[in-house]
Amino acid sequence: MTVAILDDYQSVALTSADWSALDGAAEITAFADHLAGQEALVHRLADFDVVVAMRERTPFPAELLRRLPRLRLLVTTGARNASIDLAAAAAQGVTVCGTGGSGAPTPELTWGLLLALARAIPAEDAGVRAGGWQSTVGRALAGSTIGILGLGRIGRQIAGYAEAFGMERIAWSQNLTAERAADSGVRLVTKDELFREADVVSVHLQLSERTRHLVGAPELDLLGPDGLLVNTSRGPIVEEKALVEALRTGRIGGAALDVFDTEPLPSDHPLRTSPNTVITPHIGYVERETYARFYREAAEDIAAWLGGAPVRLLT
């Protein structure tokens, strides 16, 4: 049995967990690079029976699945993966399963990005290393208003952090009720009110047809030249061209981003050189404890599948 582990950017998949249960039963190959083209993926994966995908880094649409007739088991880290065509996988006889995860890393990174943006930490760090001293004037979070776009599990954690920092908290999403907002100590507002009243907007929604490009030029204009935007959810929720233009023209105060329309971010992408930004390479979930669970449970899924035992099926 041959197993491919994809997109192991840091080359830690085989050391993050104990894979010994597969000794003698499977030959495991971990790939540290990312392949975007379908032809390249078909060439690489043609001889593998099992693939372990890291979240949504490599999509598995119907056409790719059809071109991998040897594939029998597809394991994704995490409990859901919108980039896998589950119906096509089932039609191909491919079992798709997942793992658990951790709820702490993304909210923590979100707050780190917000602090870095508000206090210009990356710029000041770079300045000191280059021999300079104090080149920016930061802004306090205490007393300002955070608008939380989506008050699910992560949004509620952000609300708790904001309370600790002495911020006013407002929220909006399509299905959010005043009662649910109040339970988190947050005031429900309309979408326009959120962008108009907030000093900071933090995005915490799942990507869907309803949320794609939910934040565009009108919302960014409401946020205004002093407003900050933080997105650690999914890139396409924010209309990227509108965001680049708003940053370039100073129509918003800045943006902290961990997610993008295309990942890895192309080397010539304008966000790499946009002013007043802090950008990270989709590392919201990238920390040791989460990786340990991802890869441990991926190994368990493969061992269970080989032994005919139940696996954590994706639905």
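The values are calculated or read from the model by the stated rules, or taken from the named source; none is laboratory data. From a predicted model like this one, the values you see are computed outputs, not experimental measurements. Counting neighbours? That spans all protein chains shown, and the Cβs are built from the backbone with ideal geometry, glycine included.
Restricting attention to segment 277-315, and to residues there that are among the hydroxyl-bearing types (Ser, Thr, Tyr) and closer than 30 Å to Gly250 by Cβ, which single residue is nearest to the chain's Cα centre (by Cα)?
Pass one, segment 277-315, residues among the hydroxyl-bearing types (Ser, Thr, Tyr): 277, 280, 285, 290-291, 295, 315.
If we keep only those that are closer than 30 Å to Gly250 by Cβ too, we end up with 277, 280.
Values: Thr277: 17, Thr280: 10 Å.
If we take residues in segment 277-315 being among the hydroxyl-bearing types (Ser, Thr, Tyr) and closer than 30 Å to Gly250 by Cβ, then Thr280 is nearest to the chain's Cα centre (by Cα).
Tell me, yes or no, whether segment 140-150 has at least one residue that is in contact with a helix residue (DSSP H, G or I) (Cβ under 7 Å, 6 or more places away or on another chain) and either at pLDDT below 95 or farther than 25 Å from Ser208 by Cβ (or both).
Within segment 140-150, one or more residues are in contact with a helix residue (DSSP H, G or I) (Cβ under 7 Å, 6 or more places away or on another chain) and either at pLDDT below 95 or farther than 25 Å from Ser208 by Cβ (or both).
Looking at Ala242, is it part of a helix (DSSP H, G or I) and in the same structural domain as Arg196 (by TED's automatic domain parsing)? Quick ask: steps written out before the conclusion?
Details: part of a helix (DSSP H, G or I): yes; in the same structural domain as Arg196 (by TED's automatic domain parsing): yes.
Criteria met by Ala242.
I'm checking my understanding of the structure. Among residues of segment 106-139 that are assigned to a loop (DSSP other than H, G, I, E, B) and in contact with a Gly (Cβ under 9 Å, 6 or more places away or on another chain), which one is farthest from Asp199 (Cα to Cα)? It would help to see each step written out before you state the result.
Just the residues of segment 106-139 that are assigned to a loop (DSSP other than H, G, I, E, B), to begin with: 119-120, 130-139.
Right, trim to in contact with a Gly (Cβ under 9 Å, 6 or more places away or on another chain) and you get 119-120, 133-136, 139.
On the way: Arg119: 14, Ala120: 16, Trp133: 27, Gln134: 24, Ser135: 23, Thr136: 19, Arg139: 11 Å.
In this case the residue turns out to be Trp133.
Out of Glu27, Glu56, which single residue is modelled with pLDDT under 95, within 27 Å of Gln92 (Cα to Cα), of a type in the set (D, E, K, R) and out of contact with any Lys or Arg (no Cβ under 7 Å at 6 or more places or on another chain)? Lay out the reasoning, then the answer.
On the way: Glu27 fails: modelled with pLDDT under 95.
The match here is Glu56.
Please go through segment 1-32 and pick out each residue that is aromatic (Phe, Trp, Tyr) and farther than 21 Å from His282 by Cβ. Steps first, please.
Initially, segment 1-32 is screened for residues aromatic (Phe, Trp, Tyr), giving 9, 19, 31.
Correct list: Trp19 only.
With respect to Ala82, is the statement that it is without any contact (Cβ under 8 Å) to a residue 24 or more places away in the chain and among the hydrophobic types (A, V, I, L, M, F, W, C) true? I'd like the intermediate steps shown before the answer.
Numbers: without any contact (Cβ under 8 Å) to a residue 24 or more places away in the chain: no; among the hydrophobic types (A, V, I, L, M, F, W, C): yes.
The answer is no for Ala82.
Of the residues Ala256, Ala299, Ala309, which is more than 30 Å from Val215 (Cβ to Cβ) and buried (at least 16 other Cβ atoms within 10 Å of the Cβ)?
Values: Ala256 fails: more than 30 Å from Val215 (Cβ to Cβ); Ala309 fails: buried (at least 16 other Cβ atoms within 10 Å of the Cβ).
From the options Ala256, Ala299, Ala309, the qualifying one is Ala299.
Out of the residues in segment 210-239 that are touching a helix residue (DSSP H, G or I) at 6+ places or on another chain (Cβ under 9 Å) and acidic (Asp, Glu), state the one that is surrounded by the most Cβ atoms within 10 Å (Cβ to Cβ).
For segment 210-239, the residue satisfying everything is Glu219.
So which pairs qualify, if the first residue must be in segment 130-149 and on the phi > 0 side of the Ramachandran plot, the second must be surrounded by 13 or more Cβ atoms within 10 Å (Cβ to Cβ) and modelled with pLDDT of 95 or more, the Cβ gap must be under 8 Å, and the two must be at least 6 apart or on different chains?
Matching pairs, first to second residue: Gln134/Glu124; Gln134/Gly127; Gly143/Met167; Gly143/Glu168.
Please tell me if Gly235 is in the same structural domain as Ser144 (by TED's automatic domain parsing) and touching a residue at least 40 places away in the same chain (Cβ under 8 Å). Working first, answer last.
Working: in the same structural domain as Ser144 (by TED's automatic domain parsing): yes; touching a residue at least 40 places away in the same chain (Cβ under 8 Å): no.
In short, no.
Which numbered condition trips up Gly224, out of (1) touching a Lys or Arg at 6+ places or on another chain (Cβ under 9 Å); (2) closer than 17 Å to Ala116 by Cβ?
(2)
Of the conditions (1) surrounded by 16 or more Cβ atoms within 10 Å (Cβ to Cβ); (2) within 27 Å of Glu209 (Cβ to Cβ); (3) modelled with pLDDT of 95 or more, Leu71 clears all except one; give me its number.
That leaves (2) as the condition not met.
For segment 283-315, enumerate the residues that are within 24 Å of Leu86 (Cα to Cα) and in a loop (DSSP other than H, G, I, E, B).
Within segment 283-315, Tyr285, Gly307, Gly308, Ala309, Pro310, Val311, Arg312, Leu314, Thr315 qualify.
How many residues, within segment 92-105, are assigned to a loop (DSSP other than H, G, I, E, B) and among the aliphatic types (A, V, I, L, M)?
Narrowing segment 92-105 to residues assigned to a loop (DSSP other than H, G, I, E, B): 92-94, 98-104.
Then keep just the ones that are among the aliphatic types (A, V, I, L, M); that gives 94, 104.
Result for segment 92-105: 2.
Given the structure, is Leu314 aliphatic (A, V, I, L, M), surrounded by 17 or more Cβ atoms within 10 Å (Cβ to Cβ) and modelled with pLDDT of 95 or more? Outline the logic, then answer.
Details: aliphatic (A, V, I, L, M): yes; surrounded by 17 or more Cβ atoms within 10 Å (Cβ to Cβ): yes; modelled with pLDDT of 95 or more: no.
Taking the combined requirement at face value, the residue does not satisfy it.
With (1) within 24 Å of the chain's Cα centre (by Cα); (2) of a type outside the set (Ser, Thr, Tyr); (3) not in a helix (DSSP H, G or I) as the list, and Ala89 as the residue in question, which single condition is left unmet?
(3)
If you go through segment 29-58, how many residues are touching a helix residue (DSSP H, G or I) at 6+ places or on another chain (Cβ under 9 Å), closer than 20 Å to Gly78 by Cα and of a type in the set (A, V, I, L, M, F, W, C)?
If we filter segment 29-58 for residues that are touching a helix residue (DSSP H, G or I) at 6+ places or on another chain (Cβ under 9 Å), which is where we start, we get 31, 35, 38, 41-42, 45, 50-52, 54-55, 58.
If we keep only those that are closer than 20 Å to Gly78 by Cα as well, we get 31, 50-52, 54-55, 58.
Subset that is of a type in the set (A, V, I, L, M, F, W, C): 31, 50-52, 54.
Of the residues in that region, 5 qualify.
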